[in-house]
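Notes follow once the structure below has been shown.
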């Protein structure tokens, strides 16, 4: 039986057995890899230089063991090197990166509202994620109802930034090798490290503000340690919060704690809010069409924008503007020294 070659596969097999031996000893017996080893292993996974059997073994071993800070750092180094970075848009703000891989199942998905409010102020906003997810309403589906089509190329993305629109780029178009590893969930039935990586990757050539989230408490500890000790400072800043059904938009019903990581320093921007009795007006249904219609009304002032989202917008714009100003200062200083 002839098999169609994988267009993303590279020649040259990678000896993965020694890594599997260390990470495959169970949650208590496994040892973590160094950052360099993790980078090399994940690069081989992305390039399909490990066999399907080894790939399944690695994915399941990491699922049981959990990622260390060095491992997630090395994986991300390889992940971001696997695709072409986006050019920095012309703006007074650093780009704001919003991963959207969960959508919503219960409450309406207001990630598009957050993105549209940010773009309205002139900030370049990139949303990357999945276009569909059975049983959930994705950001891409709501944006489509609002007349915004996905960007399929870097040129499409730059055109969207120039129009001051939030740009949604499917992960298949932005980072095709990573999309291939995400697709393993449909085969193995479990998530893998790539599901964490896509939520913290930074796709631009220069510094950007990443909005990141976690769903389980152990990831709060690991991601906080990553941003405090291992994240490259020159890649920009990050906000970290508990996800709203996995999305990085503030919960409209009550604010989550939002932490800002800047230069390996952590600052609490928003304190967790206690539950309130009075719920803000929200779409009466979470389907894409109803949510899009409500968002359009909110942008016109016909519906009140939830307070936690307005506060999130304010913090995003402040930090993105500061990041841009810092970048310009360093570029000018570098030009002066060169002259």
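Derivation of every value follows stated rules applied to the coordinates shown; laboratory data play no part. Quantities reported herein were computed from a predicted structural model and do not represent experimental measurements. Virtual Cβ from ideal backbone geometry, glycine too; neighbours counted across all protein chains shown.
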field: Using alpha-carbon coordinates, inclination of helix 111-120 to the longest axis of the chain, degrees
entry: 60
field: Stretch gain in nm, segment residue 218-residue 32, where the contour uses 0.36 nm per residue and the Cα spacing is subtracted
entry: 65.3 nm
- prompt: If you take every DSSP beta bridge whose two residues both sit in the chain, what share of them, in percent to the nearest 5, is antiparallel?
  reply: 35
query: Taking the C-alpha atoms of the range 109-183, how large are the radius of gyration and the largest Cα-Cα span, Dmax, in Å?
result: 12.2, 36
query: How would you rank 324-332, 102-110, highest first, on the average number of other Cβ atoms within 10 Å across their residues?
result: 102-110, 324-332
message: Could you sort the peptides 184-194, 232-242 by per-residue average Cβ neighbour count (10 Å cutoff), highest mean leading?
response: 232-242, 184-194
Value of D in µm² per second that Stokes-Einstein yields for the range 17-80, Kirkwood Rh from Cα pairs, at 4 °C (1.567 mPa s): 113
message: Helix 52-65 against the longest principal axis of the chain: what's the angle in degrees, Cα atoms only, rounded to the nearest 10?
response: 60
Cα centroid of the range 248-271 to Cα centroid of the range 179-218, whole Å: 19
task: Find how many whole Å separate the alpha carbon centroid of the range 45-115 from the alpha carbon centroid of the range 308-323.
output: 23
field: Structure-based [θ]222 nm, the chain - -39500 (n - 2.57) summed over DSSP H runs of at least 4, per residue, nearest 500
entry: -13000 deg cm²/dmol
- request: Calculate, in nm to one decimal, what residue 266 and residue 64 gain on full extension: separation in residues at 0.36 nm each, minus their alpha carbon distance.
  value: 69.8 nm
- request: Please express the Cα-Cα pair-distance distribution P(r) of the chain as a list of whole percents, one per 20 Å bin, running from 0 to the bin with the greatest distance.
  value: 30, 57, 13, 0
statement: With the convex hull built on the alpha-carbon atoms of the range 258-339, volume per residue in Å³ sits at 153
message: Taking 56 Å as R0, compute the FRET efficiency from the Cβ-Cβ separation of residue 254 and residue 13 and round it to 0.05.
response: 0.65
- prompt: residue 81 versus residue 133, label points 7 Å from Cα toward the beta carbon: distance in nm?
  reply: 3.0
Linear extension gain, residue 331 paired with residue 205, 0.36 nm per residue minus alpha-carbon span: 44.0 nm
field: Helix axis angle, 307-338 relative to the chain longest principal axis, alpha carbon, degrees
entry: 70
